[in-house]
Every structure is written in C-alpha cells, then in structure tokens.
Amino acid sequence: MDDDTREGRDPAPAVSRSIRLLGLLADAGGPRTLTELAGDLGLAKSSTANLCLALEAGGMIERTVQGYRLGLRTAELGGAFAAQFNQVREFYSVCEASPQLSSELVQVAMLDGTDALYLARHEGSRSLRLGTPLGSRLPAPLSATGRALLAAMSDEEVVALLGEGAVFPQLTERSTTTLAGLLDALAAARRRGWALDAEESFRGIVGVAVPLDGWAPSDPPLALGVAIRAAEADYERIERVGEALRAAAAALTNPFSAAARR
C-alpha cells in the first residue's frame, strides 16, 4: 500500500507544521524566538528555521529583533475571508447611515465552535480604545455577540453544542458560569430582541448584540454587537442601541430570504 494512503498518515506534514506555527504566533501575543517555536513544535531548530523561511517569503510571518510574529499577509487573508460575505461588505455603510450606530463601536462576529470570532469593526466617533481586535475570540456564552448567535438556536441545540452541565470561565465577577444561567439570559434576549453582556466578558464594558441571518444559504449566521462603557450604559441608551442594531440587521437581511419573511 502507498505510504501516503495509510490510515493516520499526514499527507502534507510541512503544511501541518506551518499551520501549527502560525497558530502559535497567533496565540502568543508577541514575537517568539526560533528556539521557542522549535520547542513548542517539537522540531529541530534547523527544520523550524526552514518553515520560518518559507512562511516569511510568503509574507505570512515576519522577523523582528525579538523574534517572529505574524505578517501582513495574514491580515490580508483575514480581510478577504470576511469580505466574501455580502453583509460584511455592506456593514460599514449601514453603520454610517444610522444616527445611533455611526458614533458607536460596532462589531461583526460569527460562531466558531463555542467561541464568538470577530470579523469586522466599525470605529464610531465615540469608539472605545479597547475591545475585541479582529480575529480575536470570546466565549460565546459570555459575550453579547455570542449570546445573540446562541439565542437564534433552540435551547436543545445550545445544550448539544455546549454540553449538559457545561461550566463557563469566570472572566469577571459578573460572569455567568452555568448553563442554567446562560439559558435564562438567552430567553431574555429572545424576548427583548437583543442580547446583553453586562460586564461579563470585560469589566467596565457592556455589550449589546443582535443575530443576523446569512445573506446566502452558504453564509454563516452572524451577529452585530456594540460595546458601551459601563458608566454610560443606562437602560435608555442600551435600548436605543438594541433597536438601532435590529434596524441594521433588517437592512442587512436578504429580502428574499426566509428570515425576512418571518
């Protein structure tokens, strides 16, 4: 039997190692030395150096005085991934046209496993300096965008995704850590029409978000969310933002889709 067809054999080990290396740099939060990368990969420094040379030539990583970090090409690929969805391309103009959202920090996220993965970001005039950078993740049960995505599912689907008896990380003293608490939050989100994260993923930040059905059948479900400083997040503003997000989601919904007819 051909070696490449044996069960369990990696058909492209160099590609797999390169993907692992990129993942290590994405998780590192800063440059990593060749020695550190080789140790994490379990490879010889010479083999790791060859991977780095190839990735550097392709713009996927770049070398600094402190070590290697992700390169500009990864940002281009991330932008290209987001831009393939019609709603992300239209998202910015919809935000600018909204009297409420034009001044807010608005983000687009999708569900990736049990995380909310952030794809796009509109920087309003009152935009926060902190928040979730593009490509970053938050646990879906704790973030407003994640809850908006989960609220679009049935409770049975949420339990199947997260697991019965799931326990969530306590990112702040306000974090909901139990499945029962999450299901209560999702029920409230469905009643209101928007999900709320009251300083559960970041201390001092309140999140408001709504679900957004994919434009085409092949598009993933998305969520639109706004981050507000907790000191400025009185109920009236939260409600205004929630209604503005619902209007933006309606503007970004395919008029011929089943979601638009509901």
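Given the structure, is Ala251 at pLDDT 95 or above and closer than 26 Å to Gln100 by Cβ?
no
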So Gly163, is it out of contact with any Lys or Arg (no Cβ under 8 Å at 6 or more places or on another chain) and at positive phi: yes
Residues of segment 221-256 classified as out of contact with any Asp or Glu (no Cβ under 9 Å at 6 or more places or on another chain) and open to solvent by 30 Å² or more (accessible area, probe 1.4 Å), total: 14
Some residue of segment 167-177 being in contact (Cβ under 8 Å) with a residue 60 or more places away in the chain, open to solvent by 20 Å² or more (accessible area, probe 1.4 Å) and in contact with a strand residue (DSSP E or B) (Cβ under 9 Å, 6 or more places away or on another chain): no
Leu41, sole failed condition from (1) among the hydrophobic types (A, V, I, L, M, F, W, C); (2) at pLDDT 90 or above; (3) open to solvent by 60 Å² or more (accessible area, probe 1.4 Å): (3)
Filtered residues of segment 27-68 (kept if outside any loop (DSSP other than H, G, I, E, B) and among the polar types (S, T, N, Q)): Thr35, Ser46, Ser47, Thr48, Asn50
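The values are calculated or read from the model by the stated rules, or taken from the named source; none is laboratory data. Since this is a predicted model, take the numbers as computed values, not measurements. Every residue, glycine as well, gets a Cβ built from its backbone with ideal geometry; the counts of neighbours run over all protein chains shown. Surface accessibility is based on the protein's heavy atoms, side chains included, excluding ligands, DNA and RNA. Shrake-Rupley method; radii C 1.70, N 1.55, O 1.52, S 1.80 Å.
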